Each structure stands twice: as C-alpha cells, then as structure tokens.
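Structure first, commentary second.
The values are calculated or read from the model by the stated rules, or taken from the named source; none is laboratory data. All values reported here derive from a predicted model rather than from experimental measurement. Reconstructed Cβ throughout: ideal geometry from the backbone, glycine too, with neighbour counts over all protein chains shown. Heavy atoms of the whole protein, side chains included, go into the accessibility calculation; ligands, DNA and RNA do not. Shrake-Rupley method; radii C 1.70, N 1.55, O 1.52, S 1.80 Å.
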Protein chains: 2
Amino acid sequence: MSASKPVFDPPFRERLAELMRWRRDVRRFRRDPVPEDLLESLLDLAQIAPSVGNSQPWRFIRVQSAEKREEIRANFRQCNAEALATQADERKALYARLKLEGLEAAPVQFAVFCDHETEQGHGLGKRTMPETLDYSVVGMIAGFWLAARAAGLGLGWLSILDPSAVGGALGAPDSFKFIAYLCLGWPQEEHIDPELVRCGWQDRAAAGRRVIVV
Amino acid sequence: MSASKPVFDPPFRERLAELMRWRRDVRRFRRDPVPEDLLESLLDLAQIAPSVGNSQPWRFIRVQSAEKREEIRANFRQCNAEALATQADERKALYARLKLEGLEAAPVQFAVFCDHETEQGHGLGKRTMPETLDYSVVGMIAGFWLAARAAGLGLGWLSILDPSAVGGALGAPDSFKFIAYLCLGWPQEEHIDPELVRCGWQDRAAAGRRVIVV
C-alpha cells in the first residue's frame, strides 16, 4: 500500500468517459509533424500496459521512408480491392466510398508486432492461451490510442493488409507477428460518432450489451 | 466537426498518465459487493471501444453461481499445476509462490468471449486479418480496465484456463471464442508496480522500447 495512492474523483472520471467517447479511428490527417518528444512520451506511457507474465512483447517498426510507405499503400490497395470484391453486391458501392486509411498524409506511421520468441515473462500465463501474447500488444495499442487522443492526436488502425507482406516489406524478423499498422497525426476533423456509423456501414448494436448470467 | 469538441488539458493528461501507471492486474480482492449501477455504467463505457468494421463482437457471461465459480477454479488449479510442471527447475519454487488469480474473493466475475459468427461489421477490415475480431474484444477490455480503476476497482485478467473447458462449463455457444476471464472488485492493496515485478518474476524490460525505423 502506498501512502500516495491516487484517488480519481468524479470530474476526472467524467473527463475520462469523454475521452473514451471522443476516441475515434481517424483516417483524415493534417500533414503537420508530430513533435518527437510528444511521440516518445506517448510510447513510454503506452508501454506500461499490462502484458501476460509481464512479457512486454510489443515491437515497433516506424515507417518513414517514402519507398516503404508506398509498399504499404500498394499492399493496402490490393487487399482492399480483393475485400471489395467479396462484399455482397448491395454493399459494394457503399464499401467503395468508404475512406479506410490515412496512409497518404499521416505524418507518423508504425507497424506494431508481437515478438513470439521473447523470453520475457518466462511463459507465465500463456501455456493454455498462447494468443495472450498477441493480446498484450493489442492492449498496449488501446492505451496508446487514448493517450494520443488526449494529446489532440488522431490514430487510425489499419488491418486491410497482408500480414506477411508487411513483415517482409519492413524487414521484420520471422519471430515478429504483425498485429497492427497505426497511422498517427493531427486530425482534420473531430467526431463523437464513428465514421462507419456516419457513413451508414454499421450502427451501434445491442448484441454485446446483453450479459448472460450463470 | 463539432463545436463542442473537447480539449484535454495538461492536468487531465497528467491524471490520465497516473491512472495508466496505477492500473494493475489485481488478484487480492475485498469481498464487498460492487454496486450494480456502477458496473453497468462501466460496461456501457467499455463498449464504445473501437472494433473492426464496428463489429462490436464482445459477449459477456457473468459467473455468479457458486457451482460455476468452483468449476472455473478447478480448471485453474489443473492448468496451473500443469504450468508449474513446465517451468524450469530453478523457477518452480518462485512460480509456486505467485498468487495468479483472485477467484476465491472477487465479487464480480466475467468470462468474455468474441462472437465469431456475428454479422455486425459486414466483414469489413478482417478479411486478411480475421484475428482483428478477437483484438476488438481485447481493446474493449483495456478500456474497461482503466475505467474500473478510475472508479477505485481492481481488475485481474486470468488466462491460466483451458478455453474450451471454460466455454463448456458456462454453456457458451460454439461460435463464442473465449478471450478472457475477468475478476473485478475492490482491491485489498494498491500498488504502482506490477506484482510480477515485486515478486521478482519479470522486471520491466527495454526490448520493446527500441523503435526500428525504416
């Protein structure tokens, strides 16, 4: 027990709720740079996230060069064309109108991986559920997202990519599993509702809200 | 663009960082109940999390009955004994001393699943990376964790369980993939450092902090 343990009062909790409501997946970025010290402080904060066995398996490749960025964009274009083709006929036109990434403008771009060969954590907690190593990386990203939004930044998580192609293009070791491609920057617009709701793709649904009790 | 878009000022951001630093995986709970209206508000807040295609695939089974709780504990005991047996000889004694769950006292317990048959989201974003459906549930849990901690609650994520046995014991549909077992309640102790660091299991490591730039 620490004498200095914090109490989070109702005004803070209301602001936290507001932050969570205004967190959004952003795909429309201004091109202004993100200060490096801000970025570093956000990465430091994100990495105090929980991880299975305290394994801290997240690994970052920052994609800066125009050449590498173009490889990622080309991969997105191909995967997105294939995804469009698999959509039901009545949804194809809507799908084609969606803006699903911010690769052309986001000043900061990260590919985030999970190191499947890390010995950190000594295997604790992942014998029956090895996927918890990947989940640890996802949880870290969730915290990064909120901290970035609190700093006024927008983050977009891109998954319309071929994971093995991304790893290959960026020279990731074979032991790195690709988890997410993150675009980060100052948002052009801010919204409290998700773009996929605004565009008529998928409303908020009630299914998850039903709690079964046993 | 909304006229009422929020600005998160430096004092709020410092408090958010404090919240992230004091979030912990809690395994020592008081038995006092958690008010149902607080629990409901936390679940509502958590479910504004991002999800692939806005699919909102999280499903909750709340484990209340003594019989079901004992089934989960029995499963943990078996999985943990097997995990202990796989530890290196020089770490077995330390492993055996760790308190890895709070099943005996946590007043609120949830098994959280991902619905692999949901049609919400219409498949958007998960064709090349179907695992992003599971990741969406993980991100939701990360937000729930922070919101719970801000309310003074502790949360413990238990993964030392056989996923199929948990689903079976709780009567989950076959389409529900088990993601996490969450114990929630008022913590007996509060710490800024992880229990696994305090007990000498795994320190903070620097590997994740190195960012490769390409």
Charge dipole magnitude, Cβ of K and R +1, D and E -1 - segment B:86-190, Cα centre, debye nearest 20: 220
Reduction of at least 40 Å² in accessible surface, 1.4 Å probe, comparing all protein chains with the chain by itself, residues of segment A:5-33: A:K5, A:P6, A:F8, A:F12, A:R13, A:R15, A:L16, A:M20, A:W22, A:R23
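Per residue of A:185-196, what is the mean number of Cβ atoms on other protein chains within 10 angstrom of that residue's Cβ? Show your work: numbers first, answer last.
Values: counts 0, 0, 2, 1, 3, 5, 3, 5, 1, 4, 1, 9.
Partner Cβ neighbours, averaged per residue: 3.
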Complex-versus-alone comparison for segment A:126-160, residues with a loss of 50 Å² or more in accessible area, probe 1.4 Å: A:R127, A:T128, A:M129, A:Y135, A:V138, A:A150, A:S159
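Could you state the accessible area per residue of segment B:1-142 in Å², with a 1.4 Å probe and every protein chain left in place? Please list the in-between numbers first.
Numbers: 6120 Å² over 142 residues.
Using a 1.4 Å probe on heavy atoms only, each residue of segment B:1-142 averages 43 Å².
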For B:G154, residues with placed amide H under 5 Å, excluding near neighbours: B:G185, B:W186
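Return an integer: the convex hull volume of the alpha-carbon atoms of segment B:1-60, in Å³ per residue.
183
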Shielding score for A:53-65, defined as the mean number of other chain Cβ atoms within 10 Å: 5
Reciprocal of mean inverse Cα separation for chain B (Kirkwood radius, Å): 19.2
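Quick check for me: using +1 on Lys/Arg Cβ and -1 on Asp/Glu Cβ, what's the dipole size of the protein assembly as shown about its Cα centre, in debye to the nearest 20?
On the way: 56 positive and 58 negative charges, 85 e Å.
My answer is approximately 400 debye.
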Using θ = phi - 60° and Karplus 6.51 cos²θ - 1.76 cosθ + 1.60, couplings along segment B:194-202 (whole Hz; Gly, Pro as x): x, 4, 5, 6, 4, 8, x, 7, 8
Cα gyration tensor shape for segment B:84-200, rounded if a/c is under 1.5, else prolate or oblate: prolate
Estimated distance in nm for a label pair at B:S4 and A:D174, the labels positioned 7 Å out from Cα along Cα-to-Cβ: 5.6
HN-Hα J in Hz across segment A:153-158 - Karplus 6.51, -1.76, 1.60, θ = phi - 60°, x for Gly and Pro: 8, x, 10, x, 9, 9
Size of electric dipole in chain B: Cβ of Lys, Arg +1 and of Asp, Glu -1, about Cα centre, debye, nearest 20: 640
Interface area, B with A, accessible, probe 1.4 Å, both sides summed, Å² nearest 100: 8500
Estimated FRET transfer efficiency when R0 is 41 angstrom, pair B:R28-A:H191 (beta carbons, to 0.05): 0.50
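Note the per residue figure in Å³ for the convex hull of the C-alpha positions in the protein assembly as shown.
Details: hull volume 59.1 nm³, N = 428.
Spread over its residues, the Cα hull of the protein assembly as shown gives 138 Å³ apiece.
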Percent carbon-and-sulfur accessible area, segment A:23-87, ignoring ligands, DNA and RNA, probe 1.4 Å: 51
Distance in nm between pseudo-label sites at B:E82 and A:R91 (7 Å out along the Cβ direction from Cα): 3.7
Estimated inter-spin distance, A:V211 and B:R21, nm [label 7 Å along Cα→Cβ]: 3.2
Theoretical FRET efficiency, 1/(1+(r/R0)^6), r = Cβ-Cβ of B:Q64 and A:S41, R0 51 Å, to 0.05: 0.75
For chain B, built as a Gaussian network whose Cα springs stay under 10 Å, the top-fluctuating residue of B:S65, B:S136, B:S164: B:S65
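Quick one: pull the percent of accessible area on segment B:93-214 belonging to carbon and sulfur, 1.4 Å probe, ligands and nucleic acids left out.
Details: 2110 of 4090 Å².
Exposed carbon and sulfur together represent 52 percent of the surface.
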For segment B:102-144: span of alpha carbons on each principal axis (Å, largest first): 41, 18, 13
Rounded if a/c under 1.5, otherwise prolate or oblate - segment A:37-79, Cα gyration tensor axes: oblate
³J(HN,Hα) computed for each position of segment B:65-70 - Karplus, 6.51 cos²θ - 1.76 cosθ + 1.60, integer Hz, glycine/proline x: 6, 4, 5, 5, 4, 5
